[in-house]
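Here is the structure we will look at.
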There are 2 protein chains.
Amino acid sequence: MENYLWIGFIGAVLALLFAAIQRKKVMSYSEGNATMQKIAQSIREGANAYLKHQYSTVAKVFAVVFVVLVIIAFASGGEMLSKFTPFAFLTGGIWSMLAGLIGMKIATNSNARTAQAASESLNRGLRVAFSSGAVMGFTVVGLGMLDISIWLMILHFGAGITDPVQLGNIIVMNGIGASFMALFARVGGGIYTKAADVGADLVGKVEAGIPEDDPRNPATIADNVGDNVGDVAGMGADLYESYVGSILATFALGACAGYGWQGMLLPMALAVCGIICSIIGSFLVKTKEDATQKSLLTSLRTGTYTAAILSAIVAAPLCYFILGPENNCWGIFIAILCGLIGGTLIGYFTEYFTSDNYKPTKKLAAASETGAATIIIGGISLGLMSTIASILIVAVAILISYFAAGGTTSILDEMGGFSLSFNQGLYGIGIAGVGMLSTLGITLATDAYGPVADNAGGIAEMSGLPEEVRDRTDALDSLGNTTAATGKGFAIGSASLTALALLVSYVNIVQDRTVENLNFTLTSPTVLVGLFIGAMLTFVFSAMTMRSVQTAAQSIVVEVRRQFREIAGIMEGKTDPEYGKCVALCTKGALHEMVAPALLAIIVPIITGLILGPTGVVGLLGGVSVTGFAMAVFMSNAGGAWDNAKKYIERGNHGGKGSEQHKAAVVGDTVGDPFKDTSGPSLNILIKLCSTVSIVFSGLVLAFHLL
Amino acid sequence: MENYLWIGFIGAVLALLFAAIQRKKVMSYSEGNATMQKIAQSIREGANAYLKHQYSTVAKVFAVVFVVLVIIAFASGGEMLSKFTPFAFLTGGIWSMLAGLIGMKIATNSNARTAQAASESLNRGLRVAFSSGAVMGFTVVGLGMLDISIWLMILHFGAGITDPVQLGNIIVMNGIGASFMALFARVGGGIYTKAADVGADLVGKVEAGIPEDDPRNPATIADNVGDNVGDVAGMGADLYESYVGSILATFALGACAGYGWQGMLLPMALAVCGIICSIIGSFLVKTKEDATQKSLLTSLRTGTYTAAILSAIVAAPLCYFILGPENNCWGIFIAILCGLIGGTLIGYFTEYFTSDNYKPTKKLAAASETGAATIIIGGISLGLMSTIASILIVAVAILISYFAAGGTTSILDEMGGFSLSFNQGLYGIGIAGVGMLSTLGITLATDAYGPVADNAGGIAEMSGLPEEVRDRTDALDSLGNTTAATGKGFAIGSASLTALALLVSYVNIVQDRTVENLNFTLTSPTVLVGLFIGAMLTFVFSAMTMRSVQTAAQSIVVEVRRQFREIAGIMEGKTDPEYGKCVALCTKGALHEMVAPALLAIIVPIITGLILGPTGVVGLLGGVSVTGFAMAVFMSNAGGAWDNAKKYIERGNHGGKGSEQHKAAVVGDTVGDPFKDTSGPSLNILIKLCSTVSIVFSGLVLAFHLL
């Protein structure tokens, strides 16, 4: 079976080829008139400048961690850490960075093109924006497959590791580089984009009363740059990490469950088929020239649902031929279905709680009638309440995939301890996560399309294109909010499954390495204390990222106020504001603020391990996974609902634009910004990074722990 | 040893006697002029009317639960549930209710007396208010001791249960009635008080621009009633539950640890000594006639710290004579110290994060410069960040008390499994919780004094007493905020320790009852799913209670607006507003909204148990304890900081009263209201109620669980 492991290359080549074709298609469109080109160029420059600075900051941190890893690996002669891990750390970081970078490059090249295409027709606008999203989506999965395949080849054929369990336990550590890079990209990009957004809105919209994206607002270019470095580059790195992480965790569990190479081949094959199904789905995304917004959504949904259904259909023969009935292949198939269906359901409920087509957000908008305080209380309770759906779906998915994959014949026996079927059940949870992400190519395309449409709208506004163009880009943008909600649902849901898979891998690896009799029972005080630390880490991490946004946003507020005050003629449109100053401030703020939370995610699990030992680490991972998941859902959904409640009011409900109700809703939206675009999505990465860090440093912790 | 168990009666009698003396002292003061008496009477009537309605609603729910318990107990012939439990459920509920009721009666009799006394001197005001708090504090501990002692006698001497393990496992279930009542009182009272407060502020302060407690505001009586039914009656029931719960949980653990009757006598004796030390401390609370606010605080602190230090000193001989060196008495003594010191430290850090004497709240007030949105973001991140102190203190307290009590000689062995020293270590965690609450008499007195001072201020304002009286009551009130923060720290800290003790008792009881080989390992899927459900329960419970406040507050807003609009002459002070309508609306809203969250706390653990089995329940209890603790700290501290940031601005900082900054701070304070007085404190009870419910229904769950 191990001879088929190269199939990952097929998936990688197909995905990257498809991305290249889409890129060519996008670049063949016109970038519009001189003003549009000039604005697009400013956004490109700002985004490139930020990423350059970000990468150089990250490079320093990577260098330090790399040296530490090399020392641990080589000083212990590979005992505490595989000698490959430091290098895998670097490559993972680089690929993840590339995934974000390529996505951002195409996004900054597509925004003016989308605006120009939208000035011709809604359908053309959709096609440019969606193609741009597809470049990102397929680059992410293509690079992911490439990374995994190359390392599989190096470890198996190069280093001659013939034991799948050993290989699984080494390769699962390779996720750390991608996770680490993703955290920097998400946190840094998230702080940048929200500092610019909050800053621009607070002074421009609230104080000066000028519209969003108005060229007189000095922070408007920074705001548009933010969409690209946060919502595109950050998201690309994030989902690269999710994709690779879910596959690697399943590798380790598959080997441990006794499935050997088959256990690794199945997630690879599933991913490759998912890429092919996503490409097929992409061809279905098109509408007639006189498309309405509703038909646009139908068109996007046709694409993603077709891809998911095809994947589900193909998964059956894959399970049958790779595992066979003697290995409970139908149980595993059910687990994959759980992932696919669970992801879709989470997406649906995310939409239910955040879209103004449904009751919760409508009721939230109504809370604006009694002012800012009640809309804040309402949004927080809406977000907290919305965790019920995601958590129940994930809980049911975990249980079904575990019991289906573990064989349901002797449930009570399995509960007794670490039997073989226990490990097979856990493999089911891992493969459910891979199933959920198998069609990431197309779901990410629909997600990444949003920021492009958003930017296109900004360019249309700033370059003074006719009202109807702005209406079209608004339609595209609003659609993007819906698809983004679905995309976030997938990311959060898969993160929880992957985190659990990594947690289990950690326990397997630790028990493999030690003769200590470790008590992972929940009532063990070290496990309990670990749980508390895990919850604390989630809360403190969220606090730090939110506070960072606030600090950076306040500096923008001060600067924008200064420009309005000191530069004569801005308000009359006679003088250009100094856009560059805001861009520079955001860059400085984001870079300054992103390091501490990212380091927290590395240092806390190591220190916890050194003091409490592996049992404390397991508690910590349990605590951070559960609270991190719940907080991520809460923050994303509260933020999304506030955003849409504001838009709902802007469409003329509850007093419409400019009313007191609208002002209250703007406060809600502003609070929601760091919730949904900085803290919330970063938590997905945090929970996986903690697990991977714990796995990588498990040798060190086992050797030196205090309790 | 069991012959000494009656000493609880000594404590009970002393505490109740002291409370009676204090009550007499308070009642001997004058209630002031006719206006003051009239207002005090309105508040009393509103509060009594509310409690009457509340108790009749609760009585119905209690009747249903009682019948269910009787059926389970008697149908199974006492197998699934002790036949005593249904009756203990009733008595616990009644005592808890009484604790709140007596506290509220004295509070509503003290508010006008405090205002009158404050018109003579600050010191006299302090003494009336503090004595009133002492009535509540010592009633709570006295009734608690009485309840426990009576049941000990009934079970041991009446029913002839001579095995301490069996008795411990039965009596631990007796906490359920108190917890259940407390949850209703906290949630119902919390909704009432915050609906009235938010409603009064939103229309009165924000829209109409009249001061707080202005008699022209139709919601002002309801607001003052709310202080009594929420902050007094709710808090009394809450801390009654905490006190009894921590002692009962330690009983069960002590027996299990092999300490027999000694294991029960120690927490009883500790509590009795705590009562005596608290009485001594109370005599130290007095100042000179020309007292300043600072000397007031010093005076209160002298009382509480003396009580705590005396308790610590007395605990040493108690441990020595009851347990003896052969039972690791010094280890247990260290655990008690951990509780006392931990509680004080949590109190200190709560103050650090919420008082405007320190940097965090000052920085939060500064965030008002950029508007409501940034002060909201700032408060949320402050609250999230503040969990770091409480969680680390609790974590260290757990570890030290566990290892000290479990014997530190063979740490690694202990980690291996359920050895004797494992259970002794867990007893250490339980007794730390008792230590933390041993001086509850006086800490609760300083806490309960706050709402009385608050009400006194309201009466002074409404009855037009001179400015200097209002200044004095403000000084008393502001001091009350500080002591309330300390009190909340104790409540939250002890809740986390008690919850863990109950969690461990649950595992012991379940393993005692079944031959099933239960896997409580954190990586077991049912435990993991349970963890998720626990986090979800915390989030959904918080969402429901917040939403209830919002719903009830919105009805008050509509009513107050209506009265301002329809009743001519209100604003000129010529016509009295219809206070009764707001009181009735709050009552209706609170009663309507309190049932669902309370039932959630009972139903979710049972359903989880019936589906996932005992391992899922353990996961749930772990999840709800950890997330509930973190959320409670977050919500209480964020709310406290917003409140004090607003007060800081009102004292002339950042633009002072009436400025845009002040308006922003009022939004923050309004959001913080349900955080700190409804959802946050209810979570303390939730986590213990879940544990007790799980213990009571463990027989049912073991018999019928699905997985």
Exercise. Tell me, which residue of segment A:561-594 that is away from chain B (no Cβ under 14 Å) and charged (D, E, K, R) is nearest to residue A:203 (Cα to Cα)?
Worked result: A:565
For this session: Test each condition in (1) in contact (Cβ under 8 Å) with a residue 24 or more places away in the chain; (2) surrounded by fewer than 24 Cβ atoms within 10 Å (Cβ to Cβ); (3) within 30 Å of residue B:694 (Cα to Cα) for residue B:121 and report the one that comes out false.
Result: (3)
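Yes/no matrix, rows are residues, columns are (1) crowded, with 19+ Cβ neighbours inside 10 Å; (2) in contact (Cβ under 8 Å) with a residue 40 or more places away in the chain; (3) touching a helix residue (DSSP H, G or I) at 6+ places or on another chain (Cβ under 8 Å):
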{"residue": "B:307", "(1), (2), (3)": "yes, yes, yes"}
{"residue": "B:311", "(1), (2), (3)": "yes, yes, yes"}
{"residue": "B:315", "(1), (2), (3)": "yes, yes, yes"}
{"residue": "B:318", "(1), (2), (3)": "yes, yes, yes"}
{"residue": "B:321", "(1), (2), (3)": "no, no, no"}
{"residue": "B:326", "(1), (2), (3)": "no, no, no"}
{"residue": "B:329", "(1), (2), (3)": "yes, no, yes"}
{"residue": "B:338", "(1), (2), (3)": "yes, yes, yes"}
For this session: May I ask you to say which residue of A:202, A:248, A:253, A:239 is at negative phi, at pLDDT below 85, crowded, with 24+ Cβ neighbours inside 10 Å and touching a helix residue (DSSP H, G or I) at 6+ places or on another chain (Cβ under 9 Å)?
Result: A:202
Exercise. Do you know which of the residues in segment A:420-439 that are open to solvent by 10 Å² or more (accessible area, probe 1.4 Å) and over 12 Å from residue A:403 (Cβ atoms) is farthest from the other protein chains (Cβ to nearest Cβ)?
Worked result: A:420
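Residues of segment B:647-672 being within 12 Å of chain A (Cβ to nearest Cβ), among the charged types (D, E, K, R) and closer than 15 Å to residue B:197 by Cβ, which ones?
If the condition is that a residue be within 12 Å of chain A (Cβ to nearest Cβ), among the charged types (D, E, K, R) and closer than 15 Å to residue B:197 by Cβ, then B:669 is the only one that fits.
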Exercise. Residue A:35: open to solvent by 50 Å² or more (accessible area, probe 1.4 Å), among the polar types (S, T, N, Q) and in contact (Cβ under 8 Å) with a residue 12 or more places away in the chain, yes or no?
Worked result: yes
Seminar exercise, completed: When residue A:483 is run through (1) without any contact (Cβ under 8 Å) to a residue 40 or more places away in the chain; (2) more than 7 Å from chain B (Cβ to nearest Cβ); (3) among the polar types (S, T, N, Q), the failure sits at (1)
For this session: Exactly one condition in (1) open to solvent by 10 Å² or more (accessible area, probe 1.4 Å); (2) in a helix (DSSP H, G or I); (3) modelled with pLDDT under 90 is not met by residue A:276; state its number.
Result: (3)
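For segment B:503-515, enumerate the residues that are more than 7 Å from chain A (Cβ to nearest Cβ) and either assigned to a helix (DSSP H, G or I) or under 28 Å from residue A:506 (Cβ atoms) (or both).
B:505, B:506, B:508, B:509, B:510, B:511, B:512, B:513
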Seminar exercise, completed: Exactly one of B:380, B:376, B:393 is part of a helix (DSSP H, G or I), within 11 Å of chain A (Cβ to nearest Cβ), open to solvent by 10 Å² or more (accessible area, probe 1.4 Å) and hydrophobic (A, V, I, L, M, F, W, C), and that residue is B:393
For this session: Specify which of the listed residues (A:533, A:459, A:492) is in a helix (DSSP H, G or I) and under 29 Å from residue A:37 (Cβ atoms).
Result: A:459
Exercise. Can you tell me which residue in segment B:576-600 is farthest from residue B:547 (Cα to Cα), limited to those that are surrounded by fewer than 20 Cβ atoms within 10 Å (Cβ to Cβ) and charged (D, E, K, R)?
Worked result: B:576
Problem set entry | Residue check, residue A:558 within 14 Å of chain B (Cβ to nearest Cβ), open to solvent by less than 30 Å² (accessible area, probe 1.4 Å), in a helix (DSSP H, G or I) and of a type in the set (A, V, I, L, M) | no
Exercise. Among the residues of segment B:673-685, is there at least one that is in contact with an Asp or Glu (Cβ under 8 Å, 6 or more places away or on another chain), of a type in the set (Gly, Ala, Ser) and within 14 Å of chain A (Cβ to nearest Cβ)?
Worked result: no
Problem set entry | Of residues in segment A:541-555 being facing another protein chain (nearest Cβ under 9 Å) and open to solvent by 10 Å² or more (accessible area, probe 1.4 Å), the one farthest from residue A:685 (Cα to Cα) | A:554
Exercise. Out of all the residues in segment A:90-110, is one or more open to solvent by less than 10 Å² (accessible area, probe 1.4 Å), without any contact (Cβ under 8 Å) to a residue 60 or more places away in the chain and under 28 Å from the mean Cα position of the chain (by Cα)?
Worked result: no
For this session: Filter segment B:566-623 for residues that are over 23 Å from the mean Cα position of the chain (by Cα), in a helix (DSSP H, G or I) and more than 30 Å from residue B:519 (Cα to Cα) and give the result.
Result: B:566, B:579, B:580, B:581, B:582, B:583, B:584, B:585, B:588
For this session: Please give the number of the condition residue B:412 fails out of (1) among the hydrophobic types (A, V, I, L, M, F, W, C); (2) touching a Ser or Thr at 6+ places or on another chain (Cβ under 9 Å); (3) modelled with pLDDT under 90; (4) assigned to a helix (DSSP H, G or I).
Result: (2)
Problem set entry | From B:20, B:49, B:75, residue being under 30 Å from residue B:606 (Cα atoms), among the hydrophobic types (A, V, I, L, M, F, W, C) and open to solvent by 20 Å² or more (accessible area, probe 1.4 Å) | B:75
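The values are calculated or read from the model by the stated rules, or taken from the named source; none is laboratory data. The structure presented is a predicted model; accordingly, all values stated were derived computationally and were not measured. So basically every Cβ, Gly included, is an ideal-geometry build from the backbone, and we count neighbours across all protein chains shown. Surface areas here come from the heavy atoms of the whole protein model, side chains and all, with no ligands, DNA or RNA. Shrake-Rupley method; radii C 1.70, N 1.55, O 1.52, S 1.80 Å.
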